[in-house]
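Computed from the coordinates by the stated procedures, all read-outs in this text should not be read as laboratory data. The structure displayed is predicted, hence computed values, not measured ones. Cβ sites come from the backbone with ideal geometry, for glycine too, and all protein chains shown count toward neighbours.
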Amino acid sequence: QVHLVESGGGLVQPGGSLRLSCAASRSFVSFDAMGWFRQAPGKERELVARITTSGIANVADSVKNRFTISRDNAKNTVYLQMGSLKPEDTAVYYCNARMSLSDYWGQGTQVTVSP
């Protein structure tokens, strides 16, 4: 069983920054990749950023140059540093871990970007 615990969401003004954290119950090397998805009201869940165990990271075009994904192997934690936030970034952000073709999800953390 895999448990993922997110933290760091909240309310921020446009142009502001937030850092999300996702702590996994297993070593990062157990996974093929870890990443962040988001789901806004009335929209489908979409990939925001993902990083593989070999360190290859990819970021969605909509957040490129604003968001950065990183990891701390010693803490089994993945981070999403979000900058220059826009109202359209408002969503529930979910941590994801992929292992042997299975996906595991955190409970989600709300990010609201509003004046």
*When only DSSP loop residues count, what trypsin sites (Lys or Arg not before Pro) in the range 47-85 have their Cβ near at most 14 other Cβ atoms within 10 Å?*
Lys64
*Which is farthest toward the positive dipole end of the chain among Thr109, Phe37, Ala23, measuring Cα position about the Cα centre, with Cβ charges +1 (Lys, Arg) and -1 (Asp, Glu)?*
Ala23
*If you take every DSSP beta bridge whose two residues both sit in the chain, what share of them, in percent to the nearest 5, is antiparallel?*
95
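Just to verify a number: FRET efficiency for Ser102 and Lys43, C-beta to C-beta distance, R0 = 22 Å, to 0.05? Spell out each step's value before the answer.
Details: r = 24 Å, r/R0 = 1.11.
For Ser102 and Lys43, the calculated efficiency is 0.35.
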*Dimensionless Rg over Rh [the chain; C-alpha; Kirkwood]*: 0.95
*List the GluC sites (Glu not before Pro) within the range 1-55 that fall in a DSSP loop (any state other than H, G, I, E or B) and whose Cβ has at most 11 other Cβ atoms within 10 Å.*
Glu44
